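Undergrad: Next up is a structure, given as structure tokens.
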Amino acid sequence: MKKYGFGVDVGGTTCKIGLFETTGVLLDRWEIPTDTSENGRNILDDVAKALKERMAADGISKDDVQGIGIGIPGPVNGKGEVSVCVNLGWGHVAVAEELSAKMDGILVKAGNDANVAALGEMWQGGGKGYEDVVMVTLGTGVGGGIIVGGKVVAGSHGAGGEIGHITMNTHEKDSCGCGRKGCLEQYGSATGLARLAREAQQKEHEPSALDGIAAPTAKDVFDAYKEGDALAAQVVEKFAAVLGRGLSKISCVVDPEIFVIGGGVSKAGQPLLDVLKSAFEKCAFSACKDTKFALATLGNDAGMYGCVQLILE
């Protein structure tokens, strides 16, 4: 095993880059802008330039580098190719092959950003010590990464782990961002929790700390919940009931050892885990009821960690 590895987490605004020892130690991190002009044609050139500059500055030779892992905000197939990535303006791009060529043949592996974040949490984060892990990211949507036997389950179309689009309500009238209706993320995300709070405000209820907030956020709801607010409790329990039921469906398919919960909503901490675990147990298949729940610990660095873990497989 060579000494160093690079993790590159490509986002729509910035690319986060980490220099790691292959033992899992993050030595440094920095960011460069993501240039999405001209259909993102300059992104890989900019990444290669940033990596080469850092290698030169630190006296790191090509022979010192195990490889480069890169996370992409879209489906990535087993060859490291993207068929389309709207956030970057890409059509078909052979990411791993092209970046390797720009880096003089250094090994490059590419993966979906949510999947590599899950790998990162399994390797050095909230899922450390486990090999069967489902990471659930509760943000604007519901993201996911499924790992079985230490390997990402990406699927034949690169859509493995798109848990936010499990259909939970066939009677839903509003559309999800994906164009379908009744997806898990319409209820189990930060956006979904805020939506449930607004709906609850419109119904008759006891006086609540949420009454003076025109557009309560997920944080507002959980802050009130922690203070024993009855309306907030009603909202959180509905949110957890749908999300817990969704996770129980996943457990019947992949039977993880642990669910690792990340994203903005995870900042609610242990109260979130407690209510979610309780809701999960009410729906889970008997053999899966003891599945563990933990908070993600790597934050925005999870993707970089996971990118490096990709090249260690």
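The values are calculated or read from the model by the stated rules, or taken from the named source; none is laboratory data. Predicted model, so just to flag it, every value in this text is computed and none were measured. Heads up, the Cβs are rebuilt from the backbone with ideal geometry, glycines too, and the neighbour counts pull from every protein chain shown.
Undergrad: Using beta carbons and a limit of 6 Å, which pairs, at least six apart or on different chains, have the first residue in region 277-290 and under 21 Å from S266 (Cβ atoms) and the second one part of a helix (DSSP H, G or I) and of a type in the set (S, T, N, Q)?
TA: F280/S248; C283/S248; A284/S248; A284/S251
Undergrad: Hey, could you check region 48-59 for residues that are in contact (Cβ under 8 Å) with a residue 24 or more places away in the chain and over 17 Å from A96 (Cα atoms) and say which is nearest to the chain's Cα centre (by Cα)?
TA: So the residue we want is R54.
Undergrad: Can you tell me which residue within region 77-118, out of those that are modelled with pLDDT of 90 or more and β-branched (V, I, T), is nearest to the chain's Cα centre (by Cα)?
TA: Among residues in region 77-118 that are modelled with pLDDT of 90 or more and β-branched (V, I, T), the one nearest to the chain's Cα centre (by Cα) is V116.
Undergrad: Considering each of E98, E53, E38, E31 in turn, give the residue that is of a type outside the set (G, A, S) and on the phi > 0 side of the Ramachandran plot.
TA: Just one listed residue meets the conditions, E38.
Undergrad: Something else now. Only residues that are modelled with pLDDT of 95 or more and assigned to a loop (DSSP other than H, G, I, E, B): list them for region 241-288, please.
TA: Those that are modelled with pLDDT of 95 or more and assigned to a loop (DSSP other than H, G, I, E, B): D255, P256, E257, G269, A284, F285.
Undergrad: Let me ask something additional. Could you run through region 1-27 and say how many residues are touching a residue at least 24 places away in the same chain (Cβ under 8 Å), surrounded by fewer than 15 Cβ atoms within 10 Å (Cβ to Cβ) and not basic (K, R)?
TA: Result for region 1-27: 2.
Undergrad: OK, next. Would you pick out the residues in region 278-302 that are of a type outside the set (G, A, S) and within 18 Å of A240 (Cα to Cα)?
TA: The answer is F280, E281, K282, C283, F285, C288, K289, D290, T291, K292, F293, L295.
Undergrad: Name the residue that is surrounded by the fewest Cβ atoms within 10 Å (Cβ to Cβ), counting only residues in region 28-47 that are among the hydrophobic types (A, V, I, L, M, F, W, C) and in contact (Cβ under 8 Å) with a residue 40 or more places away in the chain.
TA: L44
Undergrad: Test D223 against the stated conditions and say whether it is without any contact (Cβ under 8 Å) to a residue 60 or more places away in the chain, farther than 23 Å from G182 by Cα, in a helix (DSSP H, G or I) and of a type in the set (D, E).
TA: yes
Undergrad: Can you tell me which residues in region 65-85 are out of contact with any helix residue (DSSP H, G or I) (no Cβ under 9 Å at 6 or more places or on another chain) and under 19 Å from G144 (Cβ atoms)?
TA: Listed by number, the residues that qualify are P75, N77, G78.
Undergrad: Quick one: count up the residues across region 177-200 that are touching a Ser or Thr at 6+ places or on another chain (Cβ under 8 Å), without any contact (Cβ under 8 Å) to a residue 40 or more places away in the chain and in a helix (DSSP H, G or I).
TA: 1
Undergrad: Taking L138 as the residue in question, decide whether it is modelled with pLDDT of 90 or more, among the hydrophobic types (A, V, I, L, M, F, W, C) and not assigned by TED's automatic domain parsing to the domain that holds E257.
TA: Judged against the criteria, L138 is not a match.
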